[in-house]
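A quick write-up on the structure given underneath.
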Amino acid sequence: MKTYICIVCGFVYDEAAGRPEDGIAAGTQWADVPETWACPDCGVAKADFEVVVV
Amino acid sequence: MIVGAGLAGWTTAREFRKLDASTPIVLVTSDSGDFYAKPTLSNACAQKRSAEQLVTTPAAKMAETLNVTLQSRSLVSAIDIQAKTLTFTAAGGAPRTQPYGQLVLATGAHPIRLPLQGDASADVQSINQLTDLAHFQRTLGAAPKTVLIMGAGLIGCEFANDLLLGGYHVHVVDPTERPLAALLPAAASEQLRTALQALGVVWHFGATVQAVNRGTGKSPLAVTLSNGDTLGADMVLSAVGLRADIALASAAGIACERGVAVNEQLQTSAPHVFALGDCAQYASAGARTLPYVMPIMNAARALAATLTGSPTALVFPLMPVSIKTPALPTVVAAPHPAQAGTWVADAPDPETAHGGGAWRFMDPQGQQRGFVLTGGQTSRRMELAKATAP
C-alpha cells in the first residue's frame, strides 16, 4: 500500500486508508480512484495530481 | 505576464496552457520559482523535512513543462498601466522594461509584523515562504528548544502542533481567550485547546508580547508579556496574520483596499491587469481576501478562460478549510463574517463518533451557512457541505 502527496497542497492519499467519506474504500489503489475525484483540501482534479510516492 | 511564482502564479500558467499552448507567458518572481505547497510549511517538522525537501518541482522543470519564460530572482519595480509595460531587475542586472498584453498579479501576502520593544525584537521570525522556513530551521537548531509563538490562529496552531511533535517546547500567546477564536465556535476551540495542551503546549491567552530582549540567564531570549510574565525562549515566531502585497499595484494606480480589488472576472481597475491568490480582494467573495488554497484553484480556472477569450465570472463553491493540527484535525467552512446566525452542536452519534464534534452555523431563517468538524467527525465533511447553503 502506497501513500501519495498532492503536490499542490500537501494532502496525503493513503491507499490503505482510502477516502471512505468520498466513497473510496480502504485499500483502493491510486489507479482505481475515480477520475472525477478531486483533492479534498485544494480542489485539484485527480488528473492534475502529480503524485509523489512518500 | 505573471508576477509571482507561488501557487497562484504557477497554477494560472498551468490552467492557461490547458487552453492555449502558444501565447508566450513570462513569469517574473523575486524568488527562485521552485514549486512547493505552502500548507506544507507548517508540518515540515513532524514530517522531518527540510525546507529544500518541500520543493516538489524545481523552477526550471516547471518552466520547461509549461513552456513559460521564467525570470527568477527578479524584482518588479514598476507597472505602467497606460503603456502596458512592466519594469523588473534581475539580481545583478540592470532594469528591463517589457510590454505585456495581459498582466496577472499573483504577488501573495506578507506576515503582519507587530511593533515590539526590546533589543532582540528584530530576531522575531515569521514563516510564509520557503526561505523563511529554511532560515527558521537553521537558526532554531535541533530539539529540545523553546519556541514562543505569537498568535493562536490557524497558522499559529499548526506550527505549535508541528513543533510539539518535533520535540520542542512551545508557548502560544494570543490576546483572545481561545485558539482560532475568529473561526471556531467556543466548544470546538475548547477541544483544540485541550488537545494541544495534552501535547504539552503552554497557552497564554488574554495577553500579547510586549518586548523581546537578549536573555541574561539560560535562554537566548527573554520575552515580556502584557500580563507581566517574562518567559525564556530560544525563538519567537510571529503568526498574527497576513496582509496582501498591494504595494506594486497601488504604486501603479490600481485600486486596492485590503487586497488588489478584482471584479468577478478577476480584472482589476486597470484593463488588461488581473489578480488572484493571497493578494486579491475578490468581488466573488463579497470583497474579501481568501488566504487559502482552494480559492486559488477556482480562480485560476476562471481566469484562464477569461484570458483566452471566454470571459468567465468566478463563482466560488463552498470551500472548507482543513486545519492541519494532527492533535485534532479540523475542517472549517466559515460563514461570511457579516452573516448573522448561531453555532448549533450536532448531537454526537455514539456509533460513529470517535471523539471530535460537529457544529452547524444556522442563520435566523434556519438555513445552514457554515460548519465545523473536529477529530473523527471530519469524515462527515461531504454530508455537512451538502447541507450548507452557498
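The values are calculated or read from the model by the stated rules, or taken from the named source; none is laboratory data. None of these values were measured; they are calculated from a predicted model. Quick reminder, even Gly has a Cβ in these numbers, built from the backbone with ideal geometry, and neighbours come from all protein chains shown.
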Candidate set from the range B:272-297 (those that are without any contact (Cβ under 8 Å) to a residue 40 or more places away in the chain and more than 22 Å from residue B:128 (Cβ to Cβ)); member that is nearest to the other protein chains (Cβ to nearest Cβ) = B:284
Residue identified as assigned to a strand (DSSP E or B), within 12 Å of chain A (Cβ to nearest Cβ) and either under 16 Å from residue A:49 (Cα atoms) or out of contact with any strand residue (DSSP E or B) (no Cβ under 9 Å at 6 or more places or on another chain) (or both) among B:11, B:56, B:65 = B:56
Inside the range B:358-390, the number of residues satisfying the requirement of being more than 14 Å from chain A (Cβ to nearest Cβ) and of a type in the set (Gly, Ala, Ser) is 4
Lone unmet requirement of (1) under 18 Å from the mean Cα position of the chain (by Cα); (2) more than 13 Å from every other protein chain (Cβ to nearest Cβ); (3) in contact (Cβ under 8 Å) with a residue 60 or more places away in the chain for residue B:300 | (2)
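So which of B:313, B:327, B:305 is assigned to a helix (DSSP H, G or I), more than 13 Å from chain A (Cβ to nearest Cβ) and at pLDDT 95 or above?
B:305
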Does residue A:4 satisfy the criteria of being within 20 Å of residue B:320 (Cα to Cα) and either among the aromatic types (Phe, Trp, Tyr) or facing chain B (nearest Cβ under 9 Å) (or both)?
-> no
Going through the range B:211-260 in order, the residues found to be out of contact with any strand residue (DSSP E or B) (no Cβ under 8 Å at 6 or more places or on another chain) and either surrounded by 21 or more Cβ atoms within 10 Å (Cβ to Cβ) or outside any loop (DSSP other than H, G, I, E, B) (or both) are B:247
Determine whether the range B:353-369 contains at least one residue that is out of contact with any Gly (no Cβ under 8 Å at 6 or more places or on another chain) and under 30 Å from residue B:14 (Cβ atoms).
-> no
Matching residues in the range A:11-30 - criterion: being more than 11 Å from the chain's Cα centre (by Cα), facing chain B (nearest Cβ under 8 Å) and touching a residue at least 24 places away in the same chain (Cβ under 8 Å) | none
Residue in the range B:35-47 that is surrounded by the fewest Cβ atoms within 10 Å (Cβ to Cβ), counting only those that are within 12 Å of chain A (Cβ to nearest Cβ) and of a type outside the set (A, V, I, L, M) = B:47
Over chain A, the set of residues surrounded by fewer than 14 Cβ atoms within 10 Å (Cβ to Cβ), of a type in the set (A, V, I, L, M) and assigned to a loop (DSSP other than H, G, I, E, B) is A:1, A:16, A:25, A:26, A:54
Where residues in the range B:61-82 are out of contact with any helix residue (DSSP H, G or I) (no Cβ under 9 Å at 6 or more places or on another chain) and farther than 26 Å from residue B:302 by Cα, which of them is surrounded by the fewest Cβ atoms within 10 Å (Cβ to Cβ)?
-> B:75
Given the structure, is residue A:33 within 11 Å of chain B (Cβ to nearest Cβ), out of contact with any Asp or Glu (no Cβ under 7 Å at 6 or more places or on another chain) and among the aliphatic types (A, V, I, L, M)?
-> no
